[in-house]
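The values are calculated or read from the model by the stated rules, or taken from the named source; none is laboratory data. Predicted model, so just to flag it, every value in this text is computed and none were measured. Positions of Cβ are generated from backbone atoms using ideal geometry, with glycine treated the same way; all protein chains shown enter the neighbour counts.
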Amino acid sequence: MTRPSDNDQYAVPARAARAELRVRGSRFAALVAPVEDESAVDARLAACRRTHHDATHVAFAYRLRSGRYRASDAREPAGTAGRPILALLDAAGLVDVLAVVARWFGGTKLGTAGLARAYADAVRPALAAAGVETRYERETLEVACPLDRVALVKRLVAPPHVALVAETFGATARFTLAVRRSRVAEIEARLAAARVDVRR
C-alpha cells in the first residue's frame, strides 16, 4: 500500500488522568479526559462539580475535533484559569479533550500571574499521564463478493488503516470496512481490480 498522508489523522487523550497540586495553601485537582462531543463535556463537568461540590472554583477548557472549544475561568480573574488550560491543550495538539481544574482557596491570594501558572501547572502532569492516541478520519465501505474471493478482501484488512467492522456469509460474503480516508481510493481500486463489488 502507498504511504498515506497525515491530514486525516488527529490526536486525542489515550485515557482519563488526574493530578493534584498545592500552591501557598490552595489545592488544585486536575482532570484531563477524552470527550467525543459537547454532551460528553457536559456530563464530565457535571460529575466533576458533584465530586468537588465544596471547591471554590471549577475552571475548565475543551477543544473538539468539530472546531468547537470553550475556556471558563469559573469566576477567577479573566484569563487566569480557562485560557492557560486551553493553551496547554492546544500546545499538546489534542482535540476531543477536556481539562477541568477544581480549586480550593487556601487563604493566600496568588495574583493573576500566579493563578495562571498554578492552573497550568496542575494540568501538566494530568496531561502527561493521559498520554496520546492517534486516530484517523474514516469512511465506511460496504463490500460484497463471491465466497472464493473472501481471502482477497481479508488481505486488505490492516488495522488501524483498514479495519473489519462486520462480516456475514451466505450465498455471497459481505463485509463492512472502516477505511482511513486517505486510503479509500486505493482500497476501492484494489477491490475493483479483484472484481469485488464495493460501495460507500
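Somewhere in region 39-50, is a residue among the aliphatic types (A, V, I, L, M), crowded, with 19+ Cβ neighbours inside 10 Å and in contact (Cβ under 8 Å) with a residue 60 or more places away in the chain? No, region 39-50 contains no residue that is among the aliphatic types (A, V, I, L, M), crowded, with 19+ Cβ neighbours inside 10 Å and in contact (Cβ under 8 Å) with a residue 60 or more places away in the chain.
Only residues that are under 29 Å from the mean Cα position of the chain (by Cα) and of a type in the set (Val, Ile, Thr) were counted in region 186-200, giving 1.
For (1) over 20 Å from the mean Cα position of the chain (by Cα); (2) in a helix (DSSP H, G or I); (3) touching a residue at least 40 places away in the same chain (Cβ under 8 Å); (4) buried (at least 20 other Cβ atoms within 10 Å of the Cβ), each residue gets a yes or a no:
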| residue | (1), (2), (3), (4) |
| --- | --- |
| Gly67 | no, no, no, no |
| Arg75 | yes, no, no, no |
| Gly107 | yes, no, yes, no |
| Thr112 | yes, yes, no, no |
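Restricting attention to region 142-160, the residues that are in contact with a Lys or Arg (Cβ under 9 Å, 6 or more places away or on another chain), farther than 15 Å from Arg190 by Cβ and outside any loop (DSSP other than H, G, I, E, B) add up to 2. Among the numbered conditions (1) out of contact with any strand residue (DSSP E or B) (no Cβ under 7 Å at 6 or more places or on another chain); (2) over 26 Å from Ser39 (Cβ atoms), the only one that Arg68 does not meet is (2).
Taking the condition of being exposed (fewer than 15 other Cβ atoms within 10 Å of the Cβ), in contact with a helix residue (DSSP H, G or I) (Cβ under 8 Å, 6 or more places away or on another chain) and under 23 Å from Asp8 (Cβ atoms), how many residues in region 165-195 meet it? Residues that pass the stated criteria total 0. Screening the candidates Arg83, Arg117, Arg135, Arg103 for the property of being assigned to a strand (DSSP E or B), in contact (Cβ under 8 Å) with a residue 12 or more places away in the chain and in contact with a helix residue (DSSP H, G or I) (Cβ under 9 Å, 6 or more places away or on another chain) yields one hit, Arg103. I'd like to know if region 32-51 contains one or more residues that are in the same structural domain as Ile85 (by TED's automatic domain parsing), over 10 Å from Val100 (Cβ atoms) and of a type in the set (Lys, Arg). Yes - at least one qualifying residue is present in region 32-51. With respect to the stated conditions, Arg183 fails to be modelled with pLDDT under 95, in a helix (DSSP H, G or I), over 30 Å from the mean Cα position of the chain (by Cα) and not assigned by TED's automatic domain parsing to the domain that holds Arg27.
Within region 22-38, restricting attention to residues that are surrounded by 15 or more Cβ atoms within 10 Å (Cβ to Cβ) and under 27 Å from Ala11 (Cβ atoms), the residue that is farthest from the chain's Cα centre (by Cα) is Phe28.
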